Amino acid sequence: MKTIRQMLLAVLLTALLPPMAFAQLTDASEIVGKANIAAYYAGDDGRSAARMLIMDANGNRQQRQFTLLRQDVEDGGDQRYLVVFSRPADIRGTVFRVEKQVGRDDDRWLYLPALDLVKRIAAGDKRTSFVGSHFFYEDISGRALEEDNHTLIETTDEHYLIESTPKDPDTVEFASFRTWIDRETMLPMRSEYARASGEVYRRMEVTEVETIDGYPTGTEVRMADLDSGGYTITQFRFSEYDIGLPDRIFSERSLRNPPREWLQRN
Amino acid sequence: MGRRLAEFAMNHPKAVFIGTLLITLLGTALIPLIQIDTDPENMLPADQEDRVRHNAIKEQFNLNDMIVVGVVNDDHPEGVFNPTSLSAVHALSRGIAEIDGVIRQDLLSLSTVDNIEQAGPGTIRFEWMMNTPPQTAAEATAIREATLDLPLFRDTLISGDGEATAIYVPIVAKDQSHRISREIQALIDELEGDNQYHITGLPVAEDTFGVEMFIQMAISAPLAALVIFALMWWFFRSVTLVAAPMLMAFAVVLTTMGALIGMGYTVHIMSSMIPIFLMPIAVVDSVHIISEFADRYRKGRDARETMAEVMEHLFTPMLYTSITSAIGFASLAFTPIPPVQVFGLFVAAGILLAFLLTVIFIPAYTVRLKPERLAALQASGRRAAPDDTGLARGLIGLGGMAVKNAKIVVSVFALGLVIAGYGISQITVNDNPVRWFQSDHRIRVADRVLNEHFAGTYSAYLRLESDVSAAAPADFAEESSAIIEQAEGAGVDIRGPWQQMLREAEQNSDDFNAKLEQLSLAVDDALFMAGDQAYPWWESLLTLIDETRGRLNVFQRPEMLAYIADFQAALADSPEVGKVNTLADLVRTVYRELRSGDESDYRIPESRQAVAQTILSFQGSHRPHDLWRMVTPDYQAANLWLQLSSGDNQDMQAVVDQAEAYVEENPLPQGITMSWGGLNYINVVWQDAMVKGMAQSLAIAWVMVAVMMLLLFRSFVFGLLAMIPLTVSIAFIYGVVGLIGKYYDMPIAVLSSLTLGLSVDFAIHFIERSRENYRRTGSFTKSMQLMFREPARAISRNAIVIAIGFLPLLAAPLVPYNTVGIFLASIMATSAIASIVLLPALMKLIRRWIMPDRSQTTEESA
């Protein structure tokens, strides 16, 4: 009796549940590839208003507010970014422009309005702080997949757990990092960076996800520095995709004259 | 009283022995709970104002105590800037980062800092200075040039001559620095190459001192005991009898230390010397008893009766000497320095315990000895006491001379006092934990080498703080109301939603800046909902909020940075300051690199916004948090890190004076206050408190002892006379300290109490016995002749026992112990001479009033 009832229940449940969005993946490079697309390449372009709250271990807080414009040249490939700061007021109008180039070093420019100065930031290490927060440049624009070796460690009901080790350990401060990728949305929900001793010293967590224009989007991300006890929370608000950003706004001209019409929400 | 106590003890010797044994065992059992404390910060009470501020500054700017590791290479022409040496530095830095207790993210070394430089026209580069060790000589040279080019690193990370480098290791707590420095040394031992490494820094000096002090406690005090024992044996020739005071001294020391530890006090530099101070004082009274017992005991006589007589005779002077010695030390409780208070009170308690044990333990012990042993003692007493030993003849001659040439003696002492007075005026108050080690100690060597190469391994922090946030909320309320009212005047009502925002912001945060932040977000949101009419008013509110927040960022204002830049330049001009590191350096350096990299652009940007954006550029580096060691995230307080090449308190004091003089000439900007922090500054504060406190406690103790003397002798003149040897001794000792240029530091300071306590002992015995002799003989001359036999010998013996007993301290590798040893000997000599020579000379000059010769007839008729 009992077995029959259980079987019946199982059949019913299977019939009622929607089919899985993705079948179970087993190839690590396929998984990280999809995760990369989900996290950094939603739509052909996008706009988001970001607020950063930077907290140190003593409870001191700093705030950053900026608008992020992005255009994909190719899915999973080159991208263009424009980051325009609005707050604190003393840095209003400061702009970063990034030409992300897969397989090559990115090009980065910085405009400082109070100095009326455009400066190219030399290629090289992208694991430096993004405007004093606990995020690195690389966390904002994505780390090139080919820089690491990726291994699928575990597949749970919810996550793929990937361990990545750098091909050139001298260029990074970590020995390895693990990423928990949501099986349904393919968004990396958590990353933990470890030293050679295995000690985890840095942790990224996506604490809120919203589906916007059909794209699951991490709208609140927290990066913790476990050495110092500080952390940064970034909220992405008013995110929009496929808004038709023109190529011309990702130019040097836009540094001095940010494209106001594209920075405002509709 | 003395007789009754002694008889009681002699009737119950077992109870006395068991009681003594019990308290000693109890004390000894508590000793393993020992907690060593060498933190000079604890010289100040935990709630002391400067100490609280020092800790607040450390927390405010994420400052930690630092171990400094210097790397030098004398063999290579390029110093350490060659591939092999830098590889070792790189490996060492990586290793240090892994040590438990090291604050990894603040570790400063060539391989953990960023280089900021030009990378072609219009291009700036932030990258690790030395992420991987250089492979070629050219790469090593490039690292040297880049480091020398950055003002924040020059003379700090790299020596000015470009040959040495340093690693600054911030640690979580000072009391781990000895362990961490040993782990660093272990890493160094495994490194290859021919670099020389030096480890120093105040925390290492302090913590290492604690470790060595612990060892010294276990060596010096027992060694001193051994020497005292040998000397007493020399005088009395009876191991069994001499064992009594030694056992008692151990009982006193163990019980006192056990009590101190058991009551939860930490063993500080001062309290570690308690055994050394107690040992001689505990023995002194017993020497008097044994000396007199040996004189009086005759074969066939009842030992018990002899002892009772001796005790009856000596009880009062011993009681008074013990109480006065105890007062001398207890007066240290009037100093405002907790470890000195603890030291004074426990030595005082130990002295009283020693007295109690002396009057019960020594009699009980002596009468338990077999008659044969006592007979032997008596024989040796005979042998030691005759008047024709060298010491005896010397004393008789000395006494005769002093009495005969009283005027000259007194004049010589008076002249000595004048010179001493001059010497005292020359005393330099100074201390430096690094100087606690002898000059060939590795810490002293490291200190010398590193401070030759670099700006300085000692840190002081000068904080500038603004009161801008005090008035800001009221100003903001007024200005925002004005906008709301203007809007109403123009027919736009936004009061309701604005007040709602204010309420919400009020609820969510106590901090004004955080409130403003929340308001700005709320108004920002409101702007998107606002109609065309309301829009401009919301916009002006947002502008006001932003402007208010901007105004709060005081240390982003160019004029503030300019003040800091001038101030630091003036401070760095003084010889004591090697270098000052400030926000102004950071902003100027980043600005220079943003502009052109040329020296002409090493300046402060012209607007607050330009400063903010320059700082934002720096925050794109690997170590943005370095900023918060120079300024608080609200930009309302700035920290000037002074690197001093000397840990001397007087040098720190000179810097403080200089800063004050500068501020006098160049007033601080409106609303800015200045305050100090850092270990070196804390040392100055407690030293200041110590000097004032010592003078006060010495004065109090002097008056109390004087009152005791009046009570004891029931005579104003004799009371005053008894105070003269100690006064002269203290004056002479400190006069010599001033004349030879020895710094007045903590051990020197507490010696005043010891002098007070011991000198008065000699004077009491001398005066008491003189008066006794005078009562018997009725003649000053005869009394004095008697005085230079047995009584003078007892005093001299005591002085010699103590002085020689502490000479082993000179062998200790720690300077404060040497100081105490050498000054103890000098004090003993000075006070013995002052008592034996000056007192009789003075008495002779005033003998007509105090000891007039009585004619036989007067005596008979009286």
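If contacts are Cα pairs under 8 angstrom and at least 6 residues apart, what is the relative contact order of region A:24-257 in percent?
Details: 519 pairs, mean separation 49.4, N = 234.
Answer for region A:24-257 is 21 percent.
Going by alpha carbons, how many degrees (0 to 90, nearest 10) lie between the helix axis of B:716-739 and the longest principal axis of chain B?
Roughly 50 degrees, rounded to the nearest 10.
In Å, what Rg and Dmax follow from the Cα atoms of region B:433-562?
According to the Cα coordinates of region B:433-562, Rg and Dmax are 25.5, 84 Å.
How crowded by other chains is B:517-529, given as the mean number of beta carbons from other chains within 10 Å of each beta carbon?
Details: counts 8, 1, 0, 6, 4, 0, 0, 5, 1, 0, 0, 3, 0.
For this peptide, the per-residue mean of nearby foreign Cβ atoms is 2.
Looking only at other chains, what is the average number of their beta-carbon atoms within 10 angstrom of each beta-carbon in B:121-130? Spell out each step's value before the answer.
Numbers: counts 1, 5, 7, 6, 6, 6, 5, 7, 0, 0.
Across the residues of B:121-130, the mean count of other-chain Cβ atoms within 10 Å is 4.
Would you mind classifying the protein assembly as shown by shape? Square roots of the alpha carbon gyration tensor eigenvalues, ordered a ≥ b ≥ c; an a/c under 1.5 is rounded, otherwise it is prolate if a/b is larger than b/c and oblate if not.
Taking the square roots of the gyration eigenvalues as a ≥ b ≥ c, the protein assembly as shown is prolate.
Relative to the Cα centre, what is the charge dipole magnitude of chain B, using +1 at the beta carbon of each Lys and Arg, -1 at the beta carbon of each Asp and Glu, and rounding to the nearest 20 debye?
Taking the Cα centre of chain B as origin, the dipole is about 7840 debye.
Determine the relative contact order of chain B: mean sequence separation of Cα pairs under 8 Å and six or more apart, normalised by residue count, in whole percent.
19
Step through the table entries A:LYS100/A:LYS167; B:LYS404/B:LYS742; A:LYS100/B:LYS58; A:LYS167/B:LYS58; A:LYS34/A:LYS167, compare each Cα-Cα distance with 31 Å, and write down the pairs that go over it.
B:LYS404/B:LYS742; A:LYS100/B:LYS58; A:LYS167/B:LYS58
Can you spot the aspartates and glutamates whose alpha carbon is less than 17 Å from B:LYS782's alpha carbon? Ignore those fewer than 8 places along the same chain.
The reachable aspartates and glutamates, counting only those whose Cα sits under 17 Å from B:LYS782, are B:ASP387, B:GLU768, B:GLU772, B:GLU790, B:ASP853, B:GLU859.
For chain A, just say rounded, prolate or oblate: build the C-alpha gyration tensor, square-root its eigenvalues into a ≥ b ≥ c, call rounded for a/c under 1.5, and beyond that prolate if a/b exceeds b/c, oblate if not.
Here chain A falls in the prolate category.
Do any GluC sites (Glu not before Pro) in region B:83-184 lie in a DSSP loop with no more than 16 other beta carbon atoms within 10 Å, and if so, which?
Hits after loop and neighbour filter: B:GLU98.
Calculate, in nm to one decimal, what B:MET1 and B:ARG179 gain on full extension: separation in residues at 0.36 nm each, minus their alpha carbon distance. Walk me through the numbers on the way to the answer.
On the way: separation 178, 0.36 × 178 = 64.08 nm, distance 5.51 nm.
Between B:MET1 and B:ARG179, full extension yields 58.6 nm more.
Which residues among region B:540-581 fall inside the zone where the amide N is under 16 Å from a point 7 Å beyond the Cα of B:GLU504, along Cα→Cβ?
B:542
If you find the alpha carbon centre of region B:763-781 and of region B:653-675, how far apart are they in angstrom?
Cα centroid to Cα centroid, the span is 63 Å.
Rounded, prolate or oblate for region B:83-144? Axes are the square roots of the Cα gyration tensor eigenvalues, ordered a ≥ b ≥ c, and the cut-off for rounded is a/c under 1.5.
oblate
Report, in degrees rounded to the nearest 10, the 0 to 90 angle that the Cα long axis of helix B:790-805 makes with the longest principal axis of chain B.
30
Quote the relative contact order of region A:72-134 in percent (integer), defining contacts as alpha-carbon pairs under 8 Å separated by 6+ residues.
So the answer I get is 21 percent.
Calculated FRET efficiency, B:ALA470 and A:ALA194, Cβ-Cβ r, R0 51 Å, to nearest 0.05? Show your work: numbers first, answer last.
Values: r = 46 Å, r/R0 = 0.90.
So, using R0 = 51 Å, E works out to roughly 0.65.
Per-residue mean of other chain beta-carbon atoms within 10 angstrom of the beta-carbon, peptide B:621-629? Don't skip to the end; give the middle numbers.
Details: counts 4, 6, 2, 8, 8, 0, 1, 6, 0.
The shielding value for this peptide is 4.
Check the straight Cα-Cα distances from A:LYS126 and name the aspartates and glutamates below 12 Å, setting aside those fewer than 8 residues away within the same chain.
Within the straight-line limit of under 12 Å, A:LYS126 reaches these aspartates and glutamates: A:ASP105, A:ASP106, A:ASP107, A:GLU138, A:ASP139, A:GLU173, B:GLU127.
Among the lysines, which have Cα under 29 Å from the Cα of B:LYS14 when same-chain residues fewer than 8 positions away are ignored?
Filter leaves B:LYS299, B:LYS370.
What's the exposure ranking of B:HIS441, A:HIS134, going from fewest to most Cβ atoms within 10 Å?
Least crowded to most crowded, the residues run B:HIS441, A:HIS134.
Along the charge dipole of the protein assembly as shown, Cβ charges K/R +1 and D/E -1, which of B:ASN11, B:HIS198, B:PRO633 sits furthest on the positive end?
Working it through, the farthest residue towards the positive pole turns out to be B:ASN11.
Return the calculated 222 nm mean residue ellipticity for the protein assembly as shown, to the nearest 500 deg cm²/dmol, obtained by summing -39500 (n - 2.57) across DSSP H runs with n ≥ 4 and dividing by the residue count.
-18000 deg cm²/dmol
Hey, what angle do you get for helix A:2-16 against the long axis of chain A, alpha-carbon based, 0 to 90 degrees rounded to 10?
Around 30 degrees separate the two axes.
Given a Förster distance of 25 Å, report the FRET efficiency between B:ASP75 and B:SER439 from their Cβ-Cβ distance, rounded to the nearest 0.05.
Computed FRET efficiency for B:ASP75 and B:SER439 comes out at 0.50.
Would you mind getting me the FRET efficiency between B:ALA482 and B:ASP532? Use the beta-carbon distance for r and R0 = 25 Å, nearest 0.05. If you can, show how the numbers build up before the last one.
Details: r = 22 Å, r/R0 = 0.88.
Step by step, r from the Cβ atoms, then E = 0.70.
Every number here is computed from the coordinates shown, using simple stated rules; none is lab data. Everything numeric here is computed off the predicted structure, so don't read it as measured data. Reconstructed Cβ throughout: ideal geometry from the backbone, glycine too, with neighbour counts over all protein chains shown.
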